[in-house]
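Participant: Structure provided below as structure tokens; questions to follow.
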Ligand code: THG
């Protein structure tokens, strides 16, 4: 539906000199990120339909094999298998060494322990893909202009207006920056950071091998499966009678976007036109990778190096792409840091986003939160951070990374005011949005751990039995949790209530001093966030939200509505969650305000003093215990921690880390947005129908939700328990089976210390009832699970709510 589209590229079409024109084009679809995998699967589908001018397929579906030479990699391949099944690729296989060699005869069977095979992986030659796709676009009226360099982009009244090129100006109210490694340069023209880092990487083309000449005579370009040998950071493809070797073994070689030569300059400098790299190929960096290659593929010993280059491509701080419209300049969109593998999907998802207002593939919404241009923290825009993180991601590109593993570089960057106290308690810090956040406290080693089941190797990593002991102790006594990382905003002004009524599923005309748990939906009725809203004054609300995307969204709507402001107070305030049966006694002993059930009821927000510290306290609890989130400005933080700590000692107060916090919220049935649910799910499917007031007049998503209600649920987030007490999984998309059929995947899994069972949430097909038996695939084994009630711990909420009749004075 979009008209008057012009594509400009500085390079000759389509040998543009960018990554697409020199990338090996190898497509391995399987990825731990569901969105990444869906984009890749869509690319394969799209590429598969393309034909070149002779009517020949552009995509070579060779199949793809990833081999393991260590037990750890074998385990990793089992995880890959599970990702693939969970995300809908059902023809993947785990292979024995013999089966690997049957498909890929150059491999030395003795070297490997096994492989993972995806039959639809293959090779997408970038130039051919671009040529074929552009033809279809041209047929629909798109104009392509090669050898046209963008010199500037003129912004007027905060919106893009004109693209200035060396061949004339183009008026444009919408510009999509999709220039790969040059992205930062284009971003600079409009003052927008494109936080990617181009890195160089060795690609070597070997001379022909006699055993492959038959492919040439048969005119069969690439026949052998594309291959990854990640234990040695290598990948391979066979092309005609030659082999091509890619290596990530060498040190990171970052280049600055502004230093990358244009294709024309590259030619002048004696480089090939596809090779505008800064660094020349360094043979000494290829010695070891070649040796490792020969070890896996002995025939390579008979191949000499023909030529080699350093290719260039984009890395980001978290390995994801950069998609969406900039919050700074209206009409300036980024479709950046995309590899060929995901490009077909990325193109279509972006097209639907721009044209229809939400990303989608063939009209099915796809959630791109992981790639959203607004996801970065402020430090995420700094050149040194981008460089350091991207380099590290390059180094780790084929490493086995545990889903709970925190980076070791770029730390510490953000610390809460409690950091010193936490260090004194030997906190084990993990990173979240660049914050240092205690996962557990080694000082709590002394707690009783006798009831904690052992974990196998993988699940035991980045975990400690202390976390489970903290969980139990907080339920029995009282604990304090650093909640500073929670994103929060104030919404103020005459239209504050009107704005919140428009954006949320709740009724916002509640009494001053009241808190509501509510949802923000998108126009399709999908969950874009679950939030808490506390009404501090008639026209002042404090919200606990999920991320920077929420802030941008609310600000955009506030601007449109007028007379209302959305103010990010995330770093103004720090927060301690003080929870557990003894929480009231602790806080009451150091405050003259009334913290009783009558004085500060459940889901109420109130300003008080704790000793000298002015606080806003919200009586709610993500962990399902009596207590408060206690907010104060950062300057008082350190002192607040100390006074609570001191007062708590006689009640057995401990500091509690994030691991316990997460396990406790799972027992309580609480969902975590982004982990357990996202925009692809509606509230009824996610088990959050209670938070939607369908009797409310209007709110974003209501119409769509009414329609969806008529159509019925398509999927359901369910709670599972593991039948064997000491079993659990990581909560990283493990596949759920009903017999041989895949019926869903896990989103979160922790040990429920208070219910004495391993637990999980999983998205399941509809139709399962409490008591149904299923299995979860975990590292090649199927574990027995049972579908249970959503909430296993204190479903009547007596601990948090304290109904008056049950209140016993302490
Ligand atoms: N604290 C605050 N804000 C937040 C979170 C938080 N916003 C984002 C995220 N976390 C929201 N998640 C939840 C999930 C559940 C609850 C609160 C925040 C909760 N639910 C009650 C229940 O379902 O039993 C709601 C009861 C009711 O609606 O009356 O408490 O951690 N500040």
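Participant: Indicate the gyration tensor shape class of segment 607-734 (rounded, prolate or oblate), computed on the Cα atoms with a ≥ b ≥ c the square roots of the eigenvalues: a/c under 1.5 is rounded; otherwise a/b larger than b/c is prolate and the rest oblate. Please report the intermediate quantities before stating the final value.
Facilitator: On the way: a/c = 3.19, a/b = 1.55, b/c = 2.06.
Judged from the Cα gyration tensor, segment 607-734 comes out oblate (a/c at least 1.5, b/c at or above a/b).
Participant: For the chain, report the convex hull volume of the alpha-carbon atoms normalised per residue, in Å³, without decimals. Before the final figure, lay out each step's value.
Facilitator: Numbers: hull volume 136.7 nm³, N = 810.
Given the Cα convex hull of the chain, per-residue volume reads 169 Å³.
Participant: If each residue of separation counts as 0.36 nm, what is the full-extension length gain between residue 52 and residue 402 once their alpha-carbon separation is subtracted?
Facilitator: Working: separation 350, 0.36 × 350 = 126.00 nm, distance 4.15 nm.
Extra length available between residue 52 and residue 402 comes to 121.8 nm.
Participant: So, one more: In which sequence would 507, 494 go, from the one with the fewest C-beta neighbours within 10 Å to the one with the most? Could you put the intermediate results ahead of the total?
Facilitator: On the way: 507 16, 494 11.
Least crowded to most crowded, the residues run 494, 507.
Participant: Can you give the three extents of the C-alpha atoms in segment 138-198 along their principal axes, from longest to shortest, in whole Å?
Facilitator: Rounded to whole Å, the extents work out to 34, 30, 22 Å.
Participant: Just need the relative contact order of segment 155-274 here, percent rounded to a whole number, with Cα pairs under 8 Å and 6+ apart. Mind showing how you got there, number by number?
Facilitator: Details: 156 pairs, mean separation 26.0, N = 120.
RCO, segment 155-274: 22 percent.
Participant: Let me ask something else. With axes computed from alpha carbons, what is the tilt in degrees of helix 634-648 against the longest principal axis of the chain, rounded to the nearest 10 within 0 to 90?
Facilitator: Once rounded, one gets 50 degrees.
Participant: Turning to a different aspect of this structure: At residue 218 and residue 108, where each label point lies 7 Å from the Cα along Cα→Cβ, what is the point-to-point distance in nanometres?
Facilitator: Between residue 218 and residue 108, the simple spin-label model gives 2.6 nm.
Participant: Quick one: Debye curve from the C-alpha atoms of segment 102-243, no solvent, what's log10 I(q)/I(0) at q = 0.10, 0.11 Å⁻¹?
Facilitator: Normalising to I(0) and taking log10 leaves -0.61, -0.70.
Participant: Can you give me the Cα centroid spacing of segment 147-203 and segment 479-524 in angstrom?
Facilitator: Using only Cα atoms, the two centres lie 37 Å from each other.
Participant: Using the Cα gyration tensor of segment 470-561, with a ≥ b ≥ c the square roots of its eigenvalues, what is the shape: rounded (a/c below 1.5), prolate (a/b larger than b/c) or oblate (neither)? Before the final figure, lay out the partial values.
Facilitator: Values: a/c = 2.15, a/b = 1.65, b/c = 1.30.
The shape class here is prolate.
Participant: Over every pair of different alpha-carbon atoms in segment 223-317, take the mean of 1/r and invert it; report that Kirkwood radius in Å.
Facilitator: On the way: mean 1/r = 0.0669 Å⁻¹.
Its Kirkwood hydrodynamic radius stands at 15.0 Å.
Participant: Compute the helix-to-body angle for 548-561: its Cα long axis versus the longest principal axis of the chain, expressed 0 to 90° and rounded to tens.
Facilitator: 80
Participant: Given points 7 Å out from each Cα along the Cα-Cβ axis, report the residue 694 to residue 426 separation in nanometres with one decimal.
Facilitator: Here the modelled spin labels are 5.4 nm apart.
Participant: I've got another one for you. Where does each of 120, 334, 416 land when they are ranked from fewest to most other beta-carbon atoms within 10 angstrom?
Facilitator: 120, 416, 334
Participant: May I pose another question? Could you list 37, 561 in order of exposure, starting from the residue whose Cβ has the fewest other Cβ atoms within 10 Å?
Facilitator: Numbers: 37 23, 561 15.
The fewest-first ordering by Cβ neighbours comes to 561, 37.
Participant: Order of 607-619, 55-67 by packing, highest average Cβ count within 10 Å first?
Facilitator: On the way: 607-619: 19.0, 55-67: 20.8.
Ranking, from highest mean packing down: 55-67, 607-619.
Participant: I need to check one value: relative contact order of segment 6-155, counting alpha carbon pairs closer than 8 Å and at least 6 residues apart, in percent. Walk me through the intermediate numbers first.
Facilitator: Working: 229 pairs, mean separation 60.0, N = 150.
RCO, segment 6-155: 40 percent.
Participant: I'd like the orientation of helix 702-711 relative to the chain: the angle between its Cα long axis and the longest Cα principal axis, in ° from 0 to 90, rounded to 10.
Facilitator: Once rounded, the angle reads 80 degrees.
Participant: Hey, how many Å between the Cα centroid of segment 319-345 and the Cα centroid of segment 233-247?
Facilitator: Each part reduced to its Cα centre gives a spacing of 29 Å.
Participant: If R₀ is 30 angstrom, what is the calculated FRET efficiency for the pair residue 602 and residue 462, using the beta carbon separation as r and rounding to 0.05? Please list the in-between numbers first.
Facilitator: Details: r = 34 Å, r/R0 = 1.14.
Calculated value: 0.30.
Participant: Bin by bin, in steps of 10 Å, what percent of the Cα pairs in segment 377-506 do you find, going until the bin that has the longest distance?
Facilitator: Taking every Cα pair in segment 377-506, the percentages come to 10, 28, 28, 22, 11, 1.
Participant: Let me ask something else about it. Which parts of segment 239-270 would a label at residue 205 reach, counting a residue when its backbone N lies under 15 Å from a point 7 Å out along Cα-to-Cβ?
Facilitator: Zone members listed by number: 239-246.
Participant: If you don't mind, there's one more thing I want to ask. Which whole-number percent gives the relative contact order of the chain, counting Cα pairs below 8 Å spaced six or more residues apart?
Facilitator: 11
Participant: Hey, quick one: spin label on residue 798, modelled 7 Å out along Cα-Cβ, who in segment 437-477 has an amide N within reach, i.e. under 16 Å?
Facilitator: In segment 437-477, the label zone of residue 798 (backbone N under 16 Å from the point 7 Å along Cα→Cβ) covers 476.
Participant: Same structure, new question: How many nm separate the modelled label positions at residue 240 and residue 634, each set 7 Å beyond the Cα in the direction of the Cβ?
Facilitator: 6.0
Participant: Now for a different question. Expressed as a whole number of Å, what is the distance separating the alpha-carbon centroids of segment 394-436 and segment 63-138?
Facilitator: With segment 63-138 and segment 394-436 each reduced to a Cα centre, they are spaced 32 Å.
Participant: Let me ask something additional. Can you divide the C-alpha Rg of segment 343-431 by 2.2 N^0.38 Å and report the result to two decimal places?
Facilitator: Numbers: Rg = 18.0 Å, N = 89, 2.2 N^0.38 = 12.1 Å.
Its radius of gyration relative to the 2.2 N^0.38 Å reference: 1.49.
Participant: On to the next question. If you split all Cα-Cα distances of segment 286-393 into 5 Å bins from zero, what percentages do you get per bin, shortest first?
Facilitator: Cα pair-distance distribution for segment 286-393, in percent: 2, 10, 16, 16, 13, 12, 9, 8, 8, 5, 2, 0.
Participant: Now for a different question. Consider just the alpha-carbon atoms of segment 509-563 and return their Rg together with their Dmax, both in angstrom.
Facilitator: Radius of gyration, then largest Cα-Cα span, for segment 509-563: 11.9, 32 Å.
Participant: Moving on. Ranking request for peptides 716-727, 173-184: highest mean number of other beta-carbon atoms within 10 Å first, then the rest in descending order.
Facilitator: The packing order, highest mean first, is 173-184, 716-727.
Every number here is computed from the coordinates shown, using simple stated rules; none is lab data. Bear in mind the structure is a predicted one, so any value in this text is a computation, not a measurement. All Cβ positions, even for glycine, are placed from backbone atoms using ideal geometry, and neighbour counts span all protein chains on display.
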